[in-house]
1. Going by a ≥ b ≥ c, the root eigenvalues of the Cα gyration tensor, does region 291-342 fall in the rounded group (a/c under 1.5), the prolate group (a/b larger than b/c) or the oblate group?
2. Rg to Rh for region 378-419: what is it, with Cα atoms only and Rh by Kirkwood?
3. Skip the ligands, DNA and RNA, and give the accessible area per residue of region 196-249 with a 1.4 Å probe, whole Å².
4. What is the percent carbon and sulfur in the accessible area of region 297-419, measuring with a 1.4 Å probe over the protein chains and ignoring ligands?
5. Taking θ as phi - 60°, what are the ³J(HN,Hα) couplings along region 221-232 by the Karplus curve (6.51, -1.76, 1.60), each to the nearest whole Hz, with x for Gly and Pro?
6. Hey, can you rank 239-248, 206-215 by average C-beta count inside 10 Å, highest first?
7. Check which residues have an amide H placed less than 5 Å from residue 149's amide H, if you skip close sequence neighbours.
8. Rounded to the nearest 0.05, what FRET efficiency do residue 398 and residue 361 give with R0 = 56 Å and r taken as the Cβ-Cβ distance? Could you check?
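The values are calculated or read from the model by the stated rules, or taken from the named source; none is laboratory data. Bear in mind the structure is a predicted one, so any value in this text is a computation, not a measurement. A quick note on method: Cβ atoms are made from the backbone with ideal geometry, for glycine too, and the neighbour counts reach across all protein chains shown. Areas reflect the complete protein model, heavy atoms only, side chains present, ligands, DNA and RNA absent. Shrake-Rupley method; radii C 1.70, N 1.55, O 1.52, S 1.80 Å.
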Amino acid sequence: MSYSVLIGVGMSLKALWRLHQPLKTTHAYGFTLRTLNGLQGVTSTKLNYSTLTLHHLPYTCSTSRLQELQRPHTGRHCHVQTPLNLISKTWKTQMRLQSTTTTIKSILVQGGMPGKRTLKGPRTKQPSRTNQPRQEEEDLMQCIAYATADQYHLPTLCHDLIAHGFVEVNELPRDASNVLVMGTEHVAKPSDSGTIFFFREGSVVFWNVEEKTVKAVMRILEQHEIQPYEVALVHWENEEINYSVGEGNSKLYRGNFLFNGELDYEQVVLEKFAFSNALSLSVKLAIWETSLDNFVESIQSIPEMLKSGQRVKLSRAEVMQKIGELFSLRHCINLSSDLLITPDFYWDREDLEQLYDKTCQFLNINRRVKVVNEKLQHCTELTDLMRNHLSEKHSLRLEWMIVVLIAIEVMFELARVIF
């Protein structure tokens, strides 16, 4: 056998050995490619013999040499063929890659990407009502409450609603001056009349009003709002409670409002006002809870920066702005609202006060206010710490400036004495 034949056989065996080596890392290599291309970049049909050869043989020989090895030759050159064990291992690798791809896709579909933040449920979600009595759908009507702004301008709102066909209800006493009651003929169900309560504090409660009319009222209301809230937040933080008209005393029973059908219209309006008052407080508190959460999120990095000894990247003006936001929110919750006390309207109306208190208890208003105040206290302590920290830095800067000025004055005196 000539030397050229021996050289050709040696180079062929070396190429086949190079082909066999990458198979040990093909699984990790394919998984990396699929991860980078969204599990779609590499398919099983691409992992054939030519693909493996093109990916790994250039490290040992040129492209022309690769074509020469793959093309059959005559004469003194040997013919390179694929061994059966190499084809078997390649086929097994393809099957393992297909199985891994299917498993990973099923995991992503079922559980989602790890670390992805899921949306939280509505804060004002009602408690469990699995034990409430089953009633016919025809007997249940809907009461829904929204908080859309800081305040409403009720006089102009009343004129605008009357111009659009709504009727003002004057059955409320004079001491209920912070609410506007309107009636409508566009009811969702004929079992009860349609009533709308507009509270000056920026909340509205609909009783048995069809959805089309609710949207129309919300569009009219936009023109009379003071400091309106975001539309998505308004529809996210709402309250929905069903009610019905039947026999017995009016009450809140297992998550539903039950009205006495024998009462006159004026008394029914007063009872709806008591329920609506509690619902309006709940939706307003939900908006303030969201504002507090946003505030806490904005200062969340400060404790970690102080813990790690890093420099706090807040100026004195920004810290004062944070303190202003905090005290404004605290003022709204504890001073300008009726969250901490029962309104004066219920002092000489014990039956309505009982309905109001039961609804507030059902909506967990007292507990939520307590939690909010605890969060506010913690945020106040943190902002005070930041203000003291910045004050100390400012004082230290002034002291160093005084030291530098004294040193400059001493240098001038020394220069005057020496020269």
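1. Working: a/c = 3.89, a/b = 2.36, b/c = 1.65.
The shape class here is prolate.
2. On the way: Rg = 18.4 Å, Rh = 12.7 Å.
Reported Rg/Rh, Kirkwood definition of Rh: 1.45.
3. Values: 2770 Å² over 54 residues.
I get 51 Å² per residue for region 196-249.
4. Numbers: 5270 of 8880 Å².
Taking all protein chains in place, region 297-419 shows 59 percent carbon and sulfur surface.
5. Karplus-based 3J(HN,Hα) across region 221-232 equals 5, 4, 7, 10, 8, 10, 6, x, 8, 5, 5, 5 Hz.
6. Working: 239-248: 16.0, 206-215: 18.4.
Highest mean packing first, the order is 206-215, 239-248.
7. For residue 149, the qualifying residues are 229.
8. Values: r = 55 Å, r/R0 = 0.98.
My answer for the efficiency is 0.55.
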